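The values are calculated or read from the model by the stated rules, or taken from the named source; none is laboratory data. Keep in mind that what you see is a predicted model, and the values were worked out from it rather than measured. Here the Cβ positions follow ideal geometry from the backbone for every residue, glycine too, while neighbour counts run over all protein chains shown.
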Amino acid sequence: MKKIKLILCTLLCAAAAAGSAVEPYVFPTPPRQPGQKNVLGLRAEPIRNIRVAFIGTGNRGGNALKRFSNFPDNVTIKVACDLYQEKLDRIKKMLAAKKYPYKVDYYTGRDDWKKICERDDIDLVYVTTGAGLHTPIAVHAMKHGKHVAVEVPAARNIAECWQLVDTAEQTRKHCMILENCNFDDYALAVLNMKQKGLFGEPVHVEGGYFHDMRDYRFNYADKTNWRQNAGSDKPVRSANPYPTHGIGPVAHWLGIHRGDKMETLNSVSSADFALRDTAAVKFGKDDPLTRRFFPSDINLSVIRTNRGKTILIYYTTSLPGPYSRGYKLYGTRGFTQAYPEMCFAFDPKSHTLLEKREAEKLIAQYRHPIFTQFTDLARKMGGHGGMDTVMDMRLIYCLNNGLPLDIDVYDAAEWSSLIEASRKSMQLNGAPVAIPDFTRGDWDKVKQVSYQILKPGPNVVELKPKGLDRAPESVVSPVGDNFVRLTDRKGDNRADAPVDFVGGALRIRDGNLDLCYTAAAPIERAKLSYHVKALIAVGSEGGYDNEGTRYLVENGALYRFAGTKPFQWKWKKIAPVQVRLQQQFCEMSVPLKLICPEPDRISVRFRCQDDYMPDQNLAAPVLTPGNHARNPKTKVETSPSREKYSPKALNDGQISPEIFWADAAWASQETEDDKFITFRLPKAEQLKRILIYWEKPSAELLVQYPEGNGWKTVAVVKPEGTDQVSSVKPGAELPKTDRIRFLQKLGKGHPERPNLLWIREIEIY
């Protein structure tokens with residue numbers, strides 16, 4: 001932290017000195033061509049039903065397509081395109097389950113995006129590919145008469161930014177950058193407060209991206225990972241490659257190109273302390289991968305606006321610490337910040353933060369109308385606390401009704417241009433760099449950010465959901481025979497909701513209830529009792545076990561209700577609870593004496609604060625001992641393991657997909673040979689069922705037992721699609737045995753990584 005403060009102090013001093021003494025570096029501005037004019041406040045013809053092509057259907061694109069599929073009266077999904085067939089298969093399966101009424105065309109060719117953009121039956125191209133294709137696809141689509149929504153960043157350099165701007169101005173087509181953080185409940189509420197004068201005149205704002213992703217950055221083998229790899233031969237990657245999450249909301253707070261504009265930027269980067277240290281631990285200090293160039297650990301950029309205001313943007317994905325986007329606003333009459341906790345302070349008591357409850361009331365009071373517009377949909381559909389849903393629904397609503405989009409092409413260019421601007425400043429030792437005026441002098445013609453909502457009327461198109469799940473707050477789905485998954489369908493964004501519960505899983509075994517959940521925001525151990533209060537109820541009646549006893553998990557311990565008289569609320573601590581926290585993941589193992597009067601089921605209830613999920617029924621066999629894999633005397637032998645992976649993970653009980661894979665899985669080395677896992681049981685057993693919990697499902701896995709001098713295959717496991725667990729029942733042809741082997745032949749791993757065997761857990765009954 002001291003190093004970061006020193007860098008920041010140096011940067012601020014350099015920026016102040018440079019601003020008065022050094023002429024900034026200036027990027028050339030291409031002239032506006034004859035007939036070309038700005039697209040500020042651009043209105044296109046209303047499109048009552050938008051015909052959409054999705055190019056890229058991975059995490060971001062696939063989830064967006066699913067959201068769009070709920071509104072067939074407003075949107076028609078015409079095309080889904082991806083390089084990986086399995087992703088398209090997942091889309092097909094989802095749409096079929098919904099009984100989606102329209103025919104969808106599927107493309108997998110590397111250059112098929114060109115054909116899609118040239119089709120006559122597309123109105124909107126939704127781009128969620130790798131960053132290198134964002135600008136080429138967007139430009140090609142606009143030139144062929146399509147509106148465009150493109151993931152972040154919209155462009156990789158300033159030349160591409162100008163391509164987006166010029167094409168949008170020439171074609172009069174929308175080009176929206178899909179910056180979901182601008183539609184965050186807090187960010188929108190602060191914008192509303194600012195426009196209503198609560199902070200006075202904003203003077204300084206901050207935003208950034210603090211996300212420890214060292215495991216992703218060193219995952220060289222995953223070719224589909226869009227995240228920046230750790231190593232590079234090009235020092236230019238040491239700048240800020242991902243500025244839009246930080247700059248997007250605060251740029252709207254300041255009204256950039258809506259009464260103000262960014263003038264100059266000063267940027268510096270640290271050395272690569274954390275990345276080099278991580279590489280040394282992972283590969284060895286003398287390994288070539290450790291000695292190669294790494295990007296810096298943190299980049300800091302200070303921006304000065306035309307009106308004399310300042311912006312601090314930072315970026316790090318290699319320093320340890322909780323996730324943060326660092327939003328702050330300092331005004332002449334008030335202050336707010338979003339991380340690590342949301343807080344506010346106002347004159348005349350600016351030294352005192354509002355009480356948490358008062359801060360939450362303030363957010364509720366000033367909740368932005370566009371968030372309120374889609375609150376119910378956001379709760380049902382979720383997506384980063386609902387902001388993904390609000391972003392997509394606003395895009396549909398504005399196109400349906402011919403309104404200006406909330407985020408325009410100048411936003412896309414300005415925010416994305418910080419990539420090259422920060423790089424250039426860093427190369428000039430922090431000297432100032434002029435940020436191009438992509439409006440070419442029109443930045444002051446619009447006075448503030450405006451998110452328009454029309455009054456209901458006969459000519460106003462409202463979003464009409466159809467086929468949207470109206471299930472209760474949670475849904476339980478089986479994962480294997482003895483495991484259930486919990487999924488929150490509410491996406492709770494109330495002011496008093498402590499955390500948005502995204503999903504989780506639970507199971508009962510060995511006298512323990514293992515509960516794992518994912519939250520939309522990082523969790524701190526010290527605040528566990530606030531963020532998560534899980535009431536565990538075991539037995540046939542919700543809230544009580546079969547003896548009428550209530551249990552509470554809180555503060556990392558299990559409590560039993562010991563009150564004997566009304567209003568004598570006493571909770572007795574009876575056992576510690578194993579709690580594991582990592583970013584937004586939490587796993588709790590709760591010791592419970594499980595006695596259930598019903599032989600075939602046990603009921604469990606989970607709550608996040610005051611929101612209860614329906615009772616979840618787990619099959620009684622989970623209570624039955626007999627998992628031979630977990631016998632302390634069972635030995636596990638494997639092929640050579642990947643660095644920092646241990647065969648112990650295969651029978652340690654850590655199986656939930658919500659637990660980070662590096663903590664709960666075993667992975668083989670990706671070598672050109674067969675891969676195996678062998679369990680040696682204490683004695684010969686008649687094996688009736690085997691459960692395999694995948695990290696990445698293999699294309700084919702052989703289950704074998706020893707016969708003579710070799711091994712005989714008793715089952716062939718071929719997971720379908722994205723199956724996370726495979727159940728094997730070998731039958732009578734498997735004799736009693738004290739050894740069982742799992743063999744993956746060369747090239748029979750996951751399609752993306754054919755020479756990798758990657759499994760979370762194996763259970764043997």
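Examine the range 121-130 for a residue that is without any contact (Cβ under 8 Å) to a residue 60 or more places away in the chain and not basic (Lys, Arg), and state whether such a residue exists.
The initial filter retains those residues of the range 121-130 that are without any contact (Cβ under 8 Å) to a residue 60 or more places away in the chain, namely none.
For the range 121-130, residues without any contact (Cβ under 8 Å) to a residue 60 or more places away in the chain and not basic (Lys, Arg): absent.
In the range 425-450, which residue that is out of contact with any Leu (no Cβ under 8 Å at 6 or more places or on another chain) and modelled with pLDDT under 95 is surrounded by the most Cβ atoms within 10 Å (Cβ to Cβ)? The extreme case among them is Met426. Only residues that are in contact with a helix residue (DSSP H, G or I) (Cβ under 6 Å, 6 or more places away or on another chain) and either part of a loop (DSSP other than H, G, I, E, B) or within 14 Å of Thr171 (Cα to Cα) (or both) were counted in the range 33-52, giving 4. Restricting the search to the range 244-293, which residues are among the acidic types (Asp, Glu) and within 30 Å of Pro436 (Cβ to Cβ)? Hits for the range 244-293 are Asp260, Glu263, Asp272.
Among the residues making up the range 314-344, a single one is at positive phi and surrounded by fewer than 18 Cβ atoms within 10 Å (Cβ to Cβ): Gly321.
In the range 723-739, is there at least one residue being in a loop (DSSP other than H, G, I, E, B), in the same structural domain as Ala684 (by TED's automatic domain parsing) and within 19 Å of Glu637 (Cβ to Cβ)? Scanning the range 723-739 turns up no residue that is in a loop (DSSP other than H, G, I, E, B), in the same structural domain as Ala684 (by TED's automatic domain parsing) and within 19 Å of Glu637 (Cβ to Cβ).
Looking at the structure I just gave you, is Lys309 in contact with a His (Cβ under 7 Å, 6 or more places away or on another chain), at pLDDT 85 or above, more than 30 Å from Glu643 (Cβ to Cβ) and surrounded by 19 or more Cβ atoms within 10 Å (Cβ to Cβ)? It would help to see each step written out before you state the result.
Details: in contact with a His (Cβ under 7 Å, 6 or more places away or on another chain): yes; at pLDDT 85 or above: yes; more than 30 Å from Glu643 (Cβ to Cβ): yes; surrounded by 19 or more Cβ atoms within 10 Å (Cβ to Cβ): yes.
For Lys309, the condition - in contact with a His (Cβ under 7 Å, 6 or more places away or on another chain), at pLDDT 85 or above, more than 30 Å from Glu643 (Cβ to Cβ) and surrounded by 19 or more Cβ atoms within 10 Å (Cβ to Cβ) - is met.
Kindly establish whether Lys93 is of a type in the set (Lys, Arg), part of a helix (DSSP H, G or I), surrounded by 15 or more Cβ atoms within 10 Å (Cβ to Cβ) and modelled with pLDDT under 95. Considered against the rule, which asks whether it is of a type in the set (Lys, Arg), part of a helix (DSSP H, G or I), surrounded by 15 or more Cβ atoms within 10 Å (Cβ to Cβ) and modelled with pLDDT under 95, Lys93 comes out as no. Screening the candidates Lys745, Lys718, Lys736 for the property of being within 23 Å of Pro640 (Cβ to Cβ), surrounded by fewer than 20 Cβ atoms within 10 Å (Cβ to Cβ) and basic (Lys, Arg) yields one hit, Lys745.
When the range 50-77 is limited to residues that are polar (S, T, N, Q) and without any contact (Cβ under 8 Å) to a residue 40 or more places away in the chain, the one that is farthest from Leu395 (Cα to Cα) turns out to be Asn59.
What's the total number of residues in the range 124-169 that are among the charged types (D, E, K, R), under 24 Å from the mean Cα position of the chain (by Cα) and surrounded by 19 or more Cβ atoms within 10 Å (Cβ to Cβ)?
Pass one, the range 124-169, residues among the charged types (D, E, K, R): 143, 146, 151, 156, 160, 166, 169.
Imposing the further condition that a residue be under 24 Å from the mean Cα position of the chain (by Cα) reduces the set to 151, 156.
Those left that are additionally surrounded by 19 or more Cβ atoms within 10 Å (Cβ to Cβ): 151.
So the answer is 1.
Within the range 652-689, the set of residues being surrounded by 22 or more Cβ atoms within 10 Å (Cβ to Cβ), touching a helix residue (DSSP H, G or I) at 6+ places or on another chain (Cβ under 9 Å) and either modelled with pLDDT of 90 or more or outside any loop (DSSP other than H, G, I, E, B) (or both) comprises Ala664, Trp666, Ala667, Ile677, Phe679, Leu687. Within the range 266-283, residues that are assigned to a helix (DSSP H, G or I) have Cβ atoms under 6 Å from residues that are small (Gly, Ala, Ser) in these pairs: Ala274/Ser318; Leu275/Ala230; Leu275/Ser318, counting only partners at least 6 apart in sequence or on another chain.
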